[in-house]
Structure formats: C-alpha cells, structure tokens
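K.L.:
So that we are looking at the same thing, I have put the structure below in structure tokens.
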Amino acid sequence: MSAPESPQTAPRRNGARMAESRRTGERLVALLISGFVLLNFPLLSLLRGGGLVAGVPVLYIYLFLVWVGLAGATALVLRGRPSTPEDAGDEPGAREP
Amino acid sequence: MLPHWLILLVSFGYLGLLFAVAYYGDKRADAGRSIISNPYVYTFSIAVYCTGWTFYGSVGRATSQGIGFLPIYLGPTLAATVWWLVLRKIIRLSKANHITSIADFISSRYGKSSVIGGLVTLISVVGIMPYIALQLKAISASFNVLFHDNAQRAGEISLGHDTALYIALTLAVFSILFGTRHIDVTERHEGMVAAIAFESIVKLVAFTAVGAFVTFGLFAGPADLFRQAARVAETARLLDLEWQPGQYASWGALTFISMTAIMFLPRQFQILVVENVNEDHVRTAAWLFPLYLLAINLFVLPIAIAGLLVFRGGAADADMFVLTLPLQGGQGLLALFAFIGGLSAATGMVIVETIALSTMICNDLLMPVFLRLKILRPGNLGTTLLKIRRGSIIFILLLGYLYFRLIGESYALVSIGLVSFVAASQFAPPILLGIYWKGASRLGALAGLTGGFAIWVYTLLLPSLARSGWLPMTFVEPGPLGVAALGPEHLLNLAGFDPVTHAVFWSMLCNIGLLVGVSLFGRQKGLEQLQGAMFVDVYRKRVAGSEETPLWHGTTRVSDLKGLVARMVGPERTNQVFSEYAAQHRIELHDETQANESLVAFVERELARTVGASSARVMVSSIIEGEALSIEGLMKILDETSQAIEYSHKLEQKSRELEDATRELKRTNARLKELDGMKDEFVSTVSHELRTPLSSIRAFSEILQDDVDMDPQQRQRLSGIVVQETERLTRLVDQVLDFTKIESGSNLWAEERLDLASVADEALAATGQLARNRSIQVAREVPEGPVPITGDRDRLVQVVINLLSNALKYCEPGNGRVLLRLTRSLTEARLEVTDTGPGIQPEEHERIFEKFHQIRNTARGKPQGTGLGLAICKTIVENHGGRIWVESDPGCGARFIFTLPIGNEREGPGSSPGP
C-alpha cells in the first residue's frame, strides 16, 4: 500500500484484492487439472487409430492444439493481473545494487 | 566432407562468442543496466531445460515410441500453469533468505539443518551424474558423426573415449570462467544467464532449420512425409498410439517426473529461482516457456520418421538423425549449424548444472564439515571457497565422464536422462509439502529423502550398472540371491510397469509416506517450527517480523562479527556492509560494544548469501558466547505477536461499531429532545386552550352570580355562552382522550363493509354548518355507485371531518372554496380534500402529521387547534392499511389525500399498523 488510505476503505480494498488473487489461483489450479486430464490416458486412448487429417496424424494435431490452448489460457488468466500488496517486492534492504 | 579444422574452429569460435555474450552481460550488470532483467530473457534462460537430450535424444526416442517422447515436455507445460502460485512463492522465500541453491532451500526450510543440506547435495550429485554423462555422450557422438561425415559409422567412436574427456575438461574450464569468478552467489551470474538465453535461441533456430530442411527439402511438406510414413510398417506405427501394457501408467509417470524436474533439477532451480531478477517475470514465462517447448518439439516426429525412411534398414544411430539427415542431403553447412545447436543445448546444461552443483557441494556439503572440524586456516575464506567450487566443477564433470565410460554405450540418451529425472523428483515432496504444510518436520524430510534416494539407487542406478556389465546380470534377473521379489525392476513382484514408472512409484510412495508419517508422529524443534511457519506464511511475514527476529541469545562483540564477515568477503566490503546497517538502523557501531540480536541475525543473513544458510549458522554459532535463545520462548513471542494483531483487528472493528451506535444514539437523542419540546408546547397550548373557555365561563358565571337583577334576556344570553364554552371544553378534552386512546391502541374498532361515498357525505353534512357560517363553497365529486371498503365507520367519518374542517378553517371566509373528490381504481379508493387556503411549506409536509406538531402562523400569532387532528387522521388511515399525505405549494392552497384498499382483502383494522 503506497498511497495513504483512510482506515475504513483500506481493509475493504484489501479484501477485494485478496479475493481477486484467490480467484486467479483457483483458475490456475483448474487449468492444471484440466490440462492433466486432457493430456493423459484414458482420454488419449480415444485418439487411437484416428488416422490422418490433412496429411497429419490426428493425435499429433490434438496434442499440439491442447498445448497451445493451455499456454493461451495461462496467459489470459495472468494478463494484467493487478499487483496485490503481497506481490510487491520486499527485498531485504541491505542488498548491493 | 567438412574439414576438421573448420569444425574445431567453428566450435571454439562459438564457445568464444558465448563468452563474449557473458562478458557483455557482466559488464552491463556492473554498470547497473542489466540485460537479463527482462521476462523474455528469463524465459529463454529457462529453456536450459532442453539439453542434448531434447536436441538429439527426442528423435531417437520417437523412432521407437512415436509420440512417447512428448510427456517430458507436456509435464513442464502443465507445471507452468501454476508457476504463478508455486514458483513465485519459492522465489519470494529464496530472496528473503538469501538462498543459494536447492539444497540451501530445503535445509533452510527444515531448521537450517546441515544434514539435510548435505543429503540433498549428495542426491543431486549422484543423481545428475547420468545426466552430465548424457551431454558428454551427445557432444562426443555428434563430433564423431561430423568428423567422419558418415552416417553408417556414427555409432562408432573412433577417437576413442578421449573425445568425451577433452570435452569434459573444456566444459570444466568454461564453467569455472562463467560461474566462479565472484564468490557471492546471490549476486547473480548475469553473464551466464545472458549466455544461456543466447544458447536457447541458437538451439531452437538450429533444430527448426533442420526440421524445415527435412520436411520441405527431403520431402514435399509434412503431408507427403506422413503419407510416405503410413505406407511403411516400421514408420506407420509411429503415427498412432500403440497399445502396450503399462502404457497409461508410464505416460502419467513421465508427465509427473517432468513436472517436478522443470522446477527441482538443480540447474532449473538455479535459473528459475536463484537467477530470477524480478518475480513478475514469472507471469510471462508461465505461458511463453510452454510455447518454446512446443516450437522445439514440432519437428521431432518428422525428423524421426524421415530418418527411418531415408536410412531404411541401415544401422544409423537414431539419436544422431539431426546431423546425419542434412549430411545425407548434402547440406554440410546445415549439419554444422545443427552441430552448433546441439553443442548449445549440451553446454548450456553442463555450465548451469555444474555451477549449481559446485555451489551446493561447497556450501552445503564441505563447508559445514570444515567449519565444524575447524580445519580451515585463519585468513580470508573467500579464496578458499572459490577453490572449493572450482575443484567441485572439475570433480562433477569427471564423475559424469566416469559414468559415461561405465555405461555410455549400453543406453540411449533418453533412458540415461530419465534416471536423473527420477532422482530430481525426490526433492518435490520436501519442497512442496514444506511450503504449504507447517507440520513437515526435519526428521520427516530426512527419512523421506533417504528412503526415496535409496530406492532410486536400487531400482534405477544399480540395474544400469548391471546392464553395463559392472554387476552380475543375475542381480536384475531374477533378482539378488535369486529371489524374484527383491528384483530391482519388479520389487515385491510388482509387474506391468517399465523400470522408470516402477522406480517412480516405489520411490514416491516411500518418500511421501516417510515424510508425512514421521512428521505426524514426531516432534519439531524450535528452529524448525520457526522456519516452517515462516516458509508457509511468507506472504504474511510482516506480521511475524521474521527479518528482525532475534535468533541469538548469547553475547558477542561487534568486532568479532566484523572479523567473521571479513574472513568471507574482505575488510573493505565488511566495513561497507556494517556502515550500511548502522545508517539503516540509525545507530553507532563501536567495535567494543555488545552486538544486539538484530545485528547478529543480520550478519548471519549476510554470510548466508555466500556460504548458504546452514554454514552461516555454524559460523555464527562459533563466535557466540552463551546459549542460543530458547526457541520455544521465541515461538511464544511470535504467537503472542500474531494474537495481539488479531485482537487489535477485533478492537478496531468493535470501535467502529461503537462509533456507529453512538451516532445513532445522538440522532435519537436529538429527536427525543425535539419531541419533548413539542410536548411541552402542546401541554401549554392545551392549557391555554382550556383556560380560554374556562376563564370566559368563570367570568360569565360571576356576572350571573353577582348581578341578580339582570333582565332574563341578558341572563339567557350569558348562560348560553357558558353552555357553548363548556361544550367547547368538552370537545377539546374528548379529542385529547381520543388521541391517547388511538395511540395506545387499546380501543377496539368495528370492522364492517362500508361505502366510502356515504362516509364522505356524512362528513359533508356534519361540516355543512361550519361552511355556511364562514360562507365557503364546498364542492363534491363522487363516482357513481358504491366505493366498497372495510373499516370502522365512525373513525373514517372523523378523518374526513377533520380534513374538511381543517380546509374550512384555513380558507378565506367569503370567497374560499373547498373540493372533496372521491375516485376509485381497481385496488384502492382515493379521497382528496382541496382548499384555497395559504398552503403549506414543503418542509412541513411530513411533519404536520406528527402529533403535537402545529404550523406556526406568524400572522395569526398563536397556533390553531390542538395539533392532534392530522395525527389522529394518520393513525386511523394507516390502521386501515392506507396512506395519507399532502400536496401543496405555499400560496396555492393545499390538497390532503388519503387512500384505502378496496374490498375486503384486508384482515382487519389494527392488524396492520403503520410504519
């Protein structure tokens, strides 16, 4: 908290930030779980014998699409997330430049 | 055929270029304009994950398992999704504690234990040995392919094993130059990181170039490649998932160990955590790094298939397709470029890994032992540290070379690497549980790591030696002493898993089980508890004030502390550090004064930057006289602090509630005072009103009494006045009584079906005389037919009479006019009484309905009436479920309106009181 705030608004805003921060965490964990499920058996076994689409194996296409999707979703969740107070760097003072 | 001198020239030229990049990075860092303080450089440096394994080995694995090489890259992609949560916390902790390596991190978490630090170091060195051997094998194999320009002979190593030895020594020199020029390890290796990021770009471009050449040069695009592959049985199976027993588990296990490896391989920890400049860079790396992995893996399968198609039936080493395919296609320079890419991948890994491991060997394995044994000579320890680290680098590379000599020929690249991955995954439980579970204890971590590592040695390392002929093969099959249940690849006859999955299962079961079990049933000591609480609650650390926590209870002098630091970093830097501390805390430090606890803690942290947490603790304790602070006492202080903060939060909340209550009370009090004043006024008004008729009654009665000779007509007139005044008195008293009765609600009202029109007519008739007296016209507008309502007739008549008489009272006699209008809608009846009087000020609109309230009429001097009429009306109307209000502009008359619900849906009067 850099700017001085009145004692009544500060806790409320902190609360909102913490809720937002927790929500980001929940989204990321959900991404991890869905990614793990999508990129593992038994779902992968559904693609067995999928053959070629446009000359490329379906399995290949599927894995790389999920891959890009995961990276994109992570970027989306973390995009422009405001820095919460606990995000602010607080390195110990006696550090050399 | 490329000339040998060209290959050597380009190789060393490239290494020189790397060094130039590193030198530039260091120069920029010294000038304070870091080039690595950038999320993209950070992301590229993380790509040190892609080593010779990725560059050469993935293709080899793809030729046998198709898409099976991918879990190693899917794992990191998955792990990256939660980097923002997990990695950021580790970075935050490491910066706060001046962590120098993964061993330092784990030992710090578990009470700065030297034993844990040493064990982690041991596991790392032994576990990474195969991984370094893999790089040496990759580089020497690629050298040989290029030297002989002959794909068929790639498997042979004609220069003998010496190639690998020369390479190992060259890399050792390089690592020493990159990593051990300074001793302060938390002063990051900016130059090294810059070089690593540069290498990551080179290897990506090189691999993609080969992939593009193979796909579009040797074949007519991916569709052509895959179509040709589909026609050959050997390659067709790579396009699909083959059913193999244990495949589900194997895929899942590889994903899991690569998820842990991306963070907990010593070099990954070094790059991700120790070399991190700004934790916000994680935000970019979390999505960009997976894309890097995707890009470098895009052409693995095409190259593998192309290699199988081109060298069909040949004995070409599949691990070297990346080089042999361009050579086969006559592209010598492209092969050279690919070779440089592979060199980048392998050297990058070796440089970072050896620097990370040498720091660990020095800080967490050797220093604590040396310090305890007190075998270090007095003098500057800094140079000793540097020597230890340089020696460690050479030692590690030679160890890697040794492993390469032992088993190098019998394994493919990826199989060697997986052995190391399983070793690194042993660090995941103590770290992940350690930063989220305060209960994880030192003994638990020790037991878990030891158990996991022992299983790793037994199930992966020993079989690899056995397969290479260094142990009898009967050790693996059927098992030691011929007992199948002891077989290292099928412990307790657990079947259906490949060796890696088998090792992952048993080592994780043992590691996690022991860590959790021992922690649950053991007791933590003070410092462990403190460090555990601090690691789990790092985001709340301002509460605990861990930075200023006085850990030392004994006494020492400032000069002793200075001497200690000076041994590490030299006197000049020491004075600088101490004067900074003095300036920051606004105190004077004299050599002979007793050092306070905060200064001792500060010195310990300063030392930790160089020698790691556990060594720093040993060093500080060596000069402290007296006993260390009882940590139980300290924990109590911490607990009290956090409790006090919680109390103060509660107090704040209470005081806010109190403030609110006080404000409310004040408001109510003011209102009460106002009402009290009104009541006084009302009493005086009533008394006044009562006195007027009383005094006239008394006066006239006295006249009648005294003047007995009064003529009868006069007497009649006077007694008539007395009677009239008495009646007025009675009316007044009645009204006051009425109001109190209505107010107290003790009266019982009739409930009957009524016609509001007839109520209005009755009221009009009752006020007719008053209207005639004041010569005021009263108009009536009533709809055809009855207006049915339910209620008490007399009360409602009283309401209308009150309104009408008010209107008549305020109208100008002679030309005033009053209008009574009754309307009805579907749900309610509405009655309006409009007059042409002086009107009512807007601020009075609400208040005239309050009891005792009277409009001050300055022109007439005293208030008119008792101030109860409208209050009575309001009470009656609201008790009937209706509403009453006034619309008026001053000077234009007033209109009083009330509404009542139509019909009989209302339950009864009195049951729905007004607001």
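The values are calculated or read from the model by the stated rules, or taken from the named source; none is laboratory data. Bear in mind that the values here come from a model prediction, so they are computed numbers and not experimental data. Please note: Cβ atoms are built from the backbone with ideal geometry, for glycine as well, and neighbour counts cover all protein chains shown.
K.L.:
Which of (1) touching an Asp or Glu at 6+ places or on another chain (Cβ under 7 Å); (2) within 14 Å of chain A (Cβ to nearest Cβ); (3) of a type outside the set (Lys, Arg) is the odd one out, the single condition residue B:327 does not satisfy?
P.N.:
Exception for residue B:327: condition (2).
K.L.:
Taking helices (runs of 4 or more DSSP H) that fall entirely within region B:203-316, which contain at least 3 residues that are in contact (Cβ under 8 Å) with a residue 24 or more places away in the chain and touching a Phe, Trp or Tyr at 6+ places or on another chain (Cβ under 9 Å)? Walk me through it before giving the result.
P.N.:
Values: elements: B:222-231, B:233-236, B:247-264, B:266-269, B:281-297, B:300-310.
It comes to B:222-231, B:247-264, B:266-269, B:281-297, B:300-310.
K.L.:
Which ranges mark the strands (runs of 3 or more DSSP E) fully within region B:814-915 that have 3 or more residues being modelled with pLDDT under 80? Steps first, answer last, please.
P.N.:
Details: elements: B:817-824, B:828-835, B:883-888, B:894-901.
No strands (runs of 3 or more DSSP E) qualify here.
K.L.:
Continuing with this model, one more query. Going residue by residue through region B:108-115, is there one that turns out to be at pLDDT 85 or above and within 11 Å of another protein chain (Cβ to nearest Cβ)?
P.N.:
no
K.L.:
Consider residue B:126 carefully, then state whether it is part of a helix (DSSP H, G or I) and in contact with a Ser or Thr (Cβ under 8 Å, 6 or more places away or on another chain). Give the derivation first.
P.N.:
Values: part of a helix (DSSP H, G or I): yes; in contact with a Ser or Thr (Cβ under 8 Å, 6 or more places away or on another chain): no.
Judged against the criteria, residue B:126 is not a match.
K.L.:
Moving on to the next point. Which number in (1) in contact (Cβ under 8 Å) with a residue 12 or more places away in the chain; (2) farther than 23 Å from residue B:50 by Cβ; (3) not charged (D, E, K, R) marks the one condition that residue B:84 misses?
P.N.:
Residue B:84 satisfies every listed condition except (2).
K.L.:
Here is a further query. Output the residues belonging to region B:252-272 that are farther than 15 Å from residue B:427 by Cβ and away from every other protein chain (no Cβ under 11 Å). Even if it seems obvious, please write down each step before you answer.
P.N.:
First pass over region B:252-272, keeping only residues farther than 15 Å from residue B:427 by Cβ: B:252-255, B:271.
B:271 - this is the single residue of region B:252-272 that is farther than 15 Å from residue B:427 by Cβ and away from every other protein chain (no Cβ under 11 Å).
K.L.:
Can I ask one more? Can residue B:832 be described as closer than 18 Å to residue B:875 by Cα, surrounded by 15 or more Cβ atoms within 10 Å (Cβ to Cβ) and touching a residue at least 24 places away in the same chain (Cβ under 8 Å)?
P.N.:
When the stated conditions are applied, residue B:832 passes them.
K.L.:
Taking only region A:50-81 into account, find how many residues are crowded, with 18+ Cβ neighbours inside 10 Å, at the interface with chain B (Cβ under 7 Å from one of its Cβ atoms) and within 23 Å of the chain's Cα centre (by Cα).
P.N.:
Within region A:50-81, residues that are crowded, with 18+ Cβ neighbours inside 10 Å, at the interface with chain B (Cβ under 7 Å from one of its Cβ atoms) and within 23 Å of the chain's Cα centre (by Cα) number 6.
Yes/no matrix, rows are residues, columns are (1) within 18 Å of residue B:415 (Cβ to Cβ); (2) outside any helix (DSSP H, G or I); (3) modelled with pLDDT under 85:
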position	(1), (2), (3)
B:17	no, no, no
B:20	no, no, no
B:24	no, no, no
B:34	no, yes, yes
B:41	no, no, no
B:45	no, no, no
B:59	yes, no, no
B:75	yes, no, no
B:80	no, no, no
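K.L.:
Kindly provide the set of residues from region B:29-53 that are surrounded by 15 or more Cβ atoms within 10 Å (Cβ to Cβ) and over 34 Å from the mean Cα position of the chain (by Cα), ordered by number.
P.N.:
The answer is B:52, B:53.
K.L.:
Residues in region A:28-49 that are crowded, with 16+ Cβ neighbours inside 10 Å and modelled with pLDDT of 80 or more: how many?
P.N.:
Number of matching residues: 9.
K.L.:
Please go through region B:220-251 and pick out each residue that is modelled with pLDDT of 80 or more and away from chain A (no Cβ under 11 Å).
P.N.:
Within region B:220-251, B:231, B:232 meet the criteria.
K.L.:
For region B:87-118, name all the residues that are in a loop (DSSP other than H, G, I, E, B) and not aliphatic (A, V, I, L, M).
P.N.:
We begin by selecting, within region B:87-118, every residue in a loop (DSSP other than H, G, I, E, B); these are B:98-101, B:110-113.
Hits for region B:87-118 are B:98, B:100, B:101, B:110, B:111, B:112, B:113.
K.L.:
Could you tell me which of the residues B:670, B:699 is out of contact with any Leu (no Cβ under 9 Å at 6 or more places or on another chain), surrounded by 12 or more Cβ atoms within 10 Å (Cβ to Cβ), small (Gly, Ala, Ser) and without any contact (Cβ under 8 Å) to a residue 40 or more places away in the chain? Break it down stepwise before answering.
P.N.:
Details: B:670 fails: surrounded by 12 or more Cβ atoms within 10 Å (Cβ to Cβ).
B:699 is the lone residue from the list that is out of contact with any Leu (no Cβ under 9 Å at 6 or more places or on another chain), surrounded by 12 or more Cβ atoms within 10 Å (Cβ to Cβ), small (Gly, Ala, Ser) and without any contact (Cβ under 8 Å) to a residue 40 or more places away in the chain.
K.L.:
Can we say residue B:275 is touching a Lys or Arg at 6+ places or on another chain (Cβ under 6 Å) and either closer than 27 Å to residue A:55 by Cα or more than 14 Å from chain A (Cβ to nearest Cβ) (or both)? Spell out how you get there, then give the answer.
P.N.:
Numbers: touching a Lys or Arg at 6+ places or on another chain (Cβ under 6 Å): yes; either closer than 27 Å to residue A:55 by Cα or more than 14 Å from chain A (Cβ to nearest Cβ) (or both): yes.
The answer is yes for residue B:275.
K.L.:
Is it the case, given these coordinates, that residue B:322 is surrounded by fewer than 24 Cβ atoms within 10 Å (Cβ to Cβ), among the β-branched types (Val, Ile, Thr) and away from chain A (no Cβ under 11 Å)?
P.N.:
On the way: surrounded by fewer than 24 Cβ atoms within 10 Å (Cβ to Cβ): no; among the β-branched types (Val, Ile, Thr): yes; away from chain A (no Cβ under 11 Å): yes.
Here the answer is no, as residue B:322 does not meet what is asked.
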